[in-house]
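Some notes on the structure that comes next.
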Amino acid sequence: MSTQYETEITLGQAMFGHAQLGDKRRSDRAARTFDQVRRHPGGTLPEKLNSPADLKALYRLCNCEDVTHAALLAAMREYVFERIAKVKGPVLLLHDATELDYTTLTSIRDDLGQIGKGTRSGYICQNVLAVAADSGEVLGLADQILHRRAKVPKKETLAQHRARETRESLLWLKGTTHLPADAQLIDVADQGASTFEFLEHEYKSGRRFVIRNGQKRKVYAGHEPVGPKYNMKEHVGGSPELGRFTMDVQAQRGRKARKGAEFIVRAIPVLVCPPHAKYGNHGDDPLPLWVVQVTEVNPPSGEDAIEWTLMTNEPVRSFKAAWRVIGWYERRWIVEEYHKAMKTGCRIEDMQFMAAERLQAAIALISAVATTLLNLRDASRRADARTRRATTLLAHEYVEVLSSWRYHKVCLAMTIHDFYMALARLGGHQNRKHDHAPGWLVLWRGWTRLQSMLDGYLVAKRKKCG
């Protein structure tokens, strides 16, 4: 919901007005549809676009041969890099994948791949989300890959595995195809990306990176291949502490919530050795990296200690430098919330199309809309949040329902700040002065409840009109 363009042109025009779709009228329609849907992101496509003419226009747009997933992503990417150019500090590129389930679309099943345990059909959706490192503001979707999982031969050899272009480990590399060699950009990824192939690729990329380790590795101490080889996790775990910090840990599956948990921070330079068995295409030279390890002190009885082992090409010689790298990795959760925004907030898996190409184009458009849900939080922190009306970002129905719940009357003058705090209250936040600012999980609970309330409101409104 960035508003930097809206004094002159709409956000949709800034994002899609220049899209190369074969006809300027198609670019204008893509921009207009985006602006309409971002104001009413929840529900099915007919609910997002309740005008039959607008809904038909979207279907007609997606049916054009030149309106492709790649063309719409290219327009989004141009917009995102314009925003990145205006950021003074580092920019994180958060890489992660989620599954999009379209099993019910039987007419395009042959154009989909296996997901889940192989019994359902859809795409592995690899996203690259650009986020300002210092503020956490979502700048937009820098790339997206819709991958069809291939059926792998049971007796596939290691050489065949390396040569197969459909292997999912290549998605991490493909997600960087359009990224420039710029040290302002920092690729951030979880354990799935910690292949030696991707580490080597990132080391040579000209960008910085932080990748959580998920494999057993052998390393030399320091950046020279001298002395014995060590197990990386054990080696960094035996190094001196750089410092400690405390934080509250939220309850998750298999882990209790706890306040004031204490963590030790360690960091050392290492030379990461390539594996003996090559599952990817990479060289034989070891990589000079830095390892930052965060380990919980005295976890509750019966629970494993929380631990992160992060690999980076950012020099880490002090607690301050380690803390910066840790902060970059902590921002990674934003891409997971983005996936919730896509699937629950925008119901991207509920779309009904008879052709895969049409579905893919619609996925691109709705994926752009999903970033606006995350940006509600960013808009609430802007200087004009207490004066700008919420109806400039969302449809009147959202404001009507939430203000009626919060104030027991409709208040279309509700500001963005008022809407944000009321949404948090709906999600369980108490809105007291001494409370911390609402977190995304609380906002998400509020958004989910608001969407249910809105569905009931619209049903009642239709009955009344009938």
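Within segment 15-42, restricting attention to residues that are within 18 Å of LEU376 (Cα to Cα) and not in a loop (DSSP other than H, G, I, E, B), the residue that is modelled with the lowest pLDDT is ARG38. For ARG244, the test of being in contact with an Asp or Glu (Cβ under 9 Å, 6 or more places away or on another chain) and over 21 Å from GLY280 (Cα atoms) is passed. Quick check on segment 447-463. Is at least one of its residues in a helix (DSSP H, G or I) and within 25 Å of ARG331 (Cα to Cα)? Looking through segment 447-463, at least one residue is in a helix (DSSP H, G or I) and within 25 Å of ARG331 (Cα to Cα). The set of residues from segment 192-207 being acidic (Asp, Glu) and closer than 17 Å to TRP328 by Cα comprises just one member, GLU202. Residue pairs whose Cβ atoms lie under 7 Å apart, sitting 6 or more positions apart in sequence or on different chains, and linking a residue in segment 392-417 that is under 20 Å from ARG381 (Cβ atoms) to a partner that is open to solvent by 30 Å² or more (accessible area, probe 1.4 Å) and of a type outside the set (Lys, Arg), are VAL399/LEU412; THR415/THR387. Of all residues in segment 123-154, those being more than 12 Å from ILE84 (Cα to Cα) and either buried (at least 21 other Cβ atoms within 10 Å of the Cβ) or not small (Gly, Ala, Ser) (or both) number 18. Listed by position, the strands (runs of 3 or more DSSP E) contained in segment 180-221 that have at least 3 residues being under 20 Å from the mean Cα position of the chain (by Cα) are 185-189, 208-212.
Only a single criterion out of (1) open to solvent by less than 80 Å² (accessible area, probe 1.4 Å); (2) closer than 24 Å to ARG347 by Cα is not satisfied by ARG449, namely (1). Of everything in segment 164-176 that is charged (D, E, K, R) and in a loop (DSSP other than H, G, I, E, B), the residue that is least open to solvent (accessible area, probe 1.4 Å) is ARG167.
Checking each residue in segment 38-69 for being charged (D, E, K, R) and either in contact with a helix residue (DSSP H, G or I) (Cβ under 6 Å, 6 or more places away or on another chain) or open to solvent by less than 50 Å² (accessible area, probe 1.4 Å) (or both) picks out ARG38, LYS48, ASP54.
All conditions but one from (1) under 28 Å from the mean Cα position of the chain (by Cα); (2) open to solvent by less than 80 Å² (accessible area, probe 1.4 Å) apply to PRO300; the one that does not is (1). Would you confirm whether any residue within segment 311-332 is among the aliphatic types (A, V, I, L, M), under 29 Å from LEU93 (Cβ atoms) and free of Cβ contacts under 8 Å to residues at least 24 places away in the same chain? No, the conditions are met nowhere in segment 311-332.
Looking across segment 144-163 at every residue that is in a loop (DSSP other than H, G, I, E, B) and aliphatic (A, V, I, L, M), the one that is nearest to GLY122 (Cα to Cα) is identified as ALA150. Listed by position, the helices (runs of 4 or more DSSP H) contained in segment 327-446 that have at least 3 residues being open to solvent by less than 40 Å² (accessible area, probe 1.4 Å) and more than 30 Å from THR312 (Cβ to Cβ) are 356-380, 396-407, 416-426.
The values are calculated or read from the model by the stated rules, or taken from the named source; none is laboratory data. None of these values were measured; they are calculated from a predicted model. Heads up, the Cβs are rebuilt from the backbone with ideal geometry, glycines too, and the neighbour counts pull from every protein chain shown. The accessibility values were calculated without ligands, DNA or RNA, using every heavy atom of the protein model including side chains. Shrake-Rupley method; radii C 1.70, N 1.55, O 1.52, S 1.80 Å.
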